Amino acid sequence: MGREEYETKEPRRPAYEPLADKQEQAQTAGVLRGMTDEEKVDEIFKYHSPSLDQIPHYENIREAARHMARTILLNTPRGADRTAAIRLLRGAVMTANAGIALNGLSL
């Protein structure tokens, strides 16, 4: 694979409200407070379909990760470390997506 196949461009910047504002509102309203640990575990491990306002956040994270992955491919020789870097990036995306889906909920 040649370098020309991995032309990179800057990830787009979000043109929408950060979810942090909504998390603060939810916590202030007591939505997340007052849950037992068992209720939190149930919430963490259930399927969360994305809401319309979450979709741009997921897309922005994937786009930025794709940009980073291409940068890794362009600048790192083939080998275990490059593979590990891509896998860790994939894990970071999945964890960030979980943060969006759970709207800040943690134990």
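Bear in mind that the values in this text are calculations on the coordinates, not laboratory data. The shown structure was predicted, so the numbers you read here are calculated from the model rather than taken from an experiment. Please note: Cβ atoms are built from the backbone with ideal geometry, for glycine as well, and neighbour counts cover all protein chains shown.
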### Query
About its Cα centre, what dipole magnitude does segment 37-107 give when the only charges are +1 on Lys and Arg Cβ and -1 on Asp and Glu Cβ, stated in debye to the nearest 20?
680
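Classify segment 37-107: rounded, prolate or oblate, from the alpha-carbon gyration tensor (a ≥ b ≥ c, eigenvalue square roots; a/c under 1.5 rounded; otherwise prolate if a/b is larger than b/c)? Don't skip to the answer; put the middle values down first.
Working: a/c = 4.24, a/b = 1.92, b/c = 2.21.
Taking the square roots of the gyration eigenvalues as a ≥ b ≥ c, segment 37-107 is oblate.
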### Task
State the answer as a single residue: which of ALA80, ASN97, LEU52 lies farthest towards the positive end of the charge dipole of segment 37-107, with beta carbon charges of +1 for Lys and Arg and -1 for Asp and Glu, about the Cα centre.
ALA80
